[in-house]
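*Asks:* Provided herewith is a single structure, encoded as C-alpha cells, for subsequent inquiry.
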Amino acid sequence: MTPSLSDLVSRWKAGDREAFDALYAMTEPAFRACCRLLARGEAPAADLFQEAWRQAIAGIGQYRQDLSFHP
C-alpha cells in the first residue's frame with residue numbers, strides 16, 4: 001500500500017529521511033509541471049521549483065496535518 005502524502009509529510013517531520021525521498025519522488029513530476037506553467041520557461045521554473053522545496057524543507061517544523069500538501 002502506498003502511503004498518503006500526509007503520512008509521508010508527518011514521517012518526514014519526525015526525521016524520516018526515507019519518507020522525504022518518497023514524498024519528493026511522488027510529488028516531483030506534478031510540482032515541476034506546475035512550476036513550468038507559473039514560470040513560463042525552463043530556467044525560471046527550475047529556480048522556482050528549487051526555492052519552493054527550500055522553503056518546504058525550512059518550514060517542515062510548522063507543518064499542520066489539517067492542511068494538505070500538494071504540488
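*Asks:* If I filter the stretch 1-13 down to residues being buried (at least 16 other Cβ atoms within 10 Å of the Cβ) and of a type outside the set (Val, Ile, Thr), which single residue comes out as nearest to Arg64 (Cα to Cα)? If you could, list the steps in order and put the result at the bottom.
*Replies:* Of the stretch 1-13, the ones buried (at least 16 other Cβ atoms within 10 Å of the Cβ) are 5, 8-12.
Still in the running and of a type outside the set (Val, Ile, Thr): 5, 8, 10-12.
On the way: Leu5: 13, Leu8: 13, Ser10: 9, Arg11: 13, Trp12: 13 Å.
The qualifying residue nearest to Arg64 (Cα to Cα) is Ser10.
*Asks:* Does Tyr63 satisfy the condition of being open to solvent by 50 Å² or more (accessible area, probe 1.4 Å) and either of a type in the set (Phe, Trp, Tyr) or in contact (Cβ under 8 Å) with a residue 60 or more places away in the chain (or both)?
*Replies:* Judged against the criteria, Tyr63 is not a match.
*Asks:* If you don't mind, there's one more thing I want to ask. Could you look through the stretch 14-54, keep only residues that are of a type in the set (D, E, K, R) and over 12 Å from the mean Cα position of the chain (by Cα), and pick out the one that is most open to solvent (accessible area, probe 1.4 Å)?
*Replies:* Going through the qualifying residues, I end up with Arg40.
The values are calculated or read from the model by the stated rules, or taken from the named source; none is laboratory data. Here the structure is a predicted model, which is why all the values come from computation and not from measurement. Positions of Cβ are backbone-derived with ideal geometry, glycine not excepted, and every protein chain shown enters the neighbour counts. These area figures cover heavy atoms from the full protein model, side chains too; ligands, DNA and RNA do not enter into them. Shrake-Rupley method; radii C 1.70, N 1.55, O 1.52, S 1.80 Å.
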